[in-house]
1. Quick one: how many residues across region 2-32 are among the aliphatic types (A, V, I, L, M), exposed (fewer than 10 other Cβ atoms within 10 Å of the Cβ) and either farther than 17 Å from L42 by Cβ or in contact with a helix residue (DSSP H, G or I) (Cβ under 7 Å, 6 or more places away or on another chain) (or both)?
2. Starting from residues that are part of a helix (DSSP H, G or I) and of a type outside the set (A, V, I, L, M, F, W, C), keep the ones in region 58-69 and report whichever is surrounded by the most Cβ atoms within 10 Å (Cβ to Cβ).
3. Looking at L42, L72, can you tell me which residue is surrounded by fewer than 12 Cβ atoms within 10 Å (Cβ to Cβ), modelled with pLDDT of 90 or more, within 19 Å of the chain's Cα centre (by Cα) and among the hydrophobic types (A, V, I, L, M, F, W, C)?
4. I'd like to check something: does region 49-57 contain any residue that is exposed (fewer than 12 other Cβ atoms within 10 Å of the Cβ) and modelled with pLDDT under 90?
Amino acid sequence: MTALLSVLGEVALVAIVATAAVTAVRIVRGPTLADRAVGADLLTLLGVGGAAALAMGRAEMAFLDVALGLSLFGFLATVALAYFLQVPPGTARRRDDPAPLRERDLVRDAVTTGGDAHVR
């Protein structure tokens, strides 16, 4: 049974490395920043899977700690990237302002142009 788990862990690791190579190509060629962010998130997920496959294949439970830490880091990085993509650089959103950033910009543009602002 242990030999079977070892072989399955190594096969899973090879599949994860192949998927990571394809994902790296997607990150490099991604047309938008959102595509690159999703690719980076997938690479983090593949790292978690790789650590789990190593834990299974090598019977080392220390790799599960690595997988747990990497998944926490990946979650926090995804939240930070989502915030960065939502709020453009150089602008800050006040915490007490319930209106989303785009609506606030449209209202400001309508006031400054005398109501002739068009929807972006």
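1. Of the residues in that region, 2 qualify.
2. It comes out as R58.
3. Going through L42, L72 in turn, just one is surrounded by fewer than 12 Cβ atoms within 10 Å (Cβ to Cβ), modelled with pLDDT of 90 or more, within 19 Å of the chain's Cα centre (by Cα) and among the hydrophobic types (A, V, I, L, M, F, W, C): L72.
4. no
The values are calculated or read from the model by the stated rules, or taken from the named source; none is laboratory data. These numbers were taken from a predicted model, which means no experiment stands behind them. In this analysis, Cβ positions are derived from the backbone assuming ideal geometry, glycine residues included, and neighbour counts consider all displayed protein chains.
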